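The values are calculated or read from the model by the stated rules, or taken from the named source; none is laboratory data. Just so we're clear, the structure is a prediction, and the values are computed from it rather than from any experiment. Cβ placement follows ideal geometry from the backbone for every residue including glycine, while neighbour counts extend to all protein chains displayed.
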Amino acid sequence: MNRKRLDLAALAVLAPVAAAVLFFALPLVGLVLRAPWGQFAEQLGSAPIRGALWLSLQCSLAAAALSLLLGLPLAAWLARGAGWPRTAVRVLVTLPMILPPVVGGVAMLLAYGRRGIVGAPLEQWLGVTLPFTTGGVVLAETYVAMPFFVLTVEAGLRSFDRRHEDVAATLGARPWRTFWWVTVPMIAPSLRAGLVVAWARALGEFGATITFAGNLAGHTRTMPLAVYVALESQPEAAIVLSLVLVLVSGAILFLLRHQWFPGR
């Protein structure tokens, strides 16, 4: 009787687990089953897809580099204290992770658009226009990707043993030298993880990009936007691009498995 109850209890737990696994697995199975494997290389080598792939690679790498340039000092500042100013900044940094991307794109238009609070002076004084340009794609991708980098690196800095910095200071090293030669190498795993996740988020960005930078072939049409366009007239191309993005995401999870899944 007890054995039967245990079996029923195990089944009651495993049933929703199996349902959840199927919920996530079936869309991927659908992609694999419907993929035009015979035309895969041909589709991947077509001019529109190659253009979208190349543009996505350029813009996502630029967004990751900007995230590093601006996000590392920000993460270091957030990790080295407490209080309401840091809390307010952390909320501000985290907001793009929660906002619908389209809302982020609208907000960016109001800030960096041709009539925006920053965009208008930029165009009048320097002749620089950001919306509906490749630079606008980089800006939109950085906006949604940088929070992932900042929060990952901040967590690494908070778990860092500050006694190493104290030793460097007693040996006469200045703060900046200590940071670059002691702290940064010791938080390298967090830096790598933050960069890879930021790059992946930039690579998959859709909503903010299409709202702020548009969908211009060869200029702002990245891979997710190309999937959206191809789905209407070239479903095979949309499936191929989707599979490429799935493979990239899977590769990223594999590379970061020791960072996110210790002991695996």
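Within the group GLY51, GLY104, GLY81, which residue is in a helix (DSSP H, G or I) and either surrounded by fewer than 15 Cβ atoms within 10 Å (Cβ to Cβ) or at pLDDT 90 or above (or both)? Outline the logic, then answer.
Working: GLY51 fails: either surrounded by fewer than 15 Cβ atoms within 10 Å (Cβ to Cβ) or at pLDDT 90 or above (or both); GLY81 fails: in a helix (DSSP H, G or I).
None of the others qualify; the one that does is GLY104.
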Practice task
Among the helices (runs of 4 or more DSSP H) lying completely within segment 189-262, list those that include at least 1 residues that are of a type in the set (D, E, K, R) and surrounded by fewer than 23 Cβ atoms within 10 Å (Cβ to Cβ).
Solution key: 223-233, 235-255, 257-260
Problem - GLY116, sole failed condition from (1) in contact with a Leu (Cβ under 8 Å, 6 or more places away or on another chain); (2) in contact (Cβ under 8 Å) with a residue 12 or more places away in the chain; (3) crowded, with 18+ Cβ neighbours inside 10 Å - result: (2)
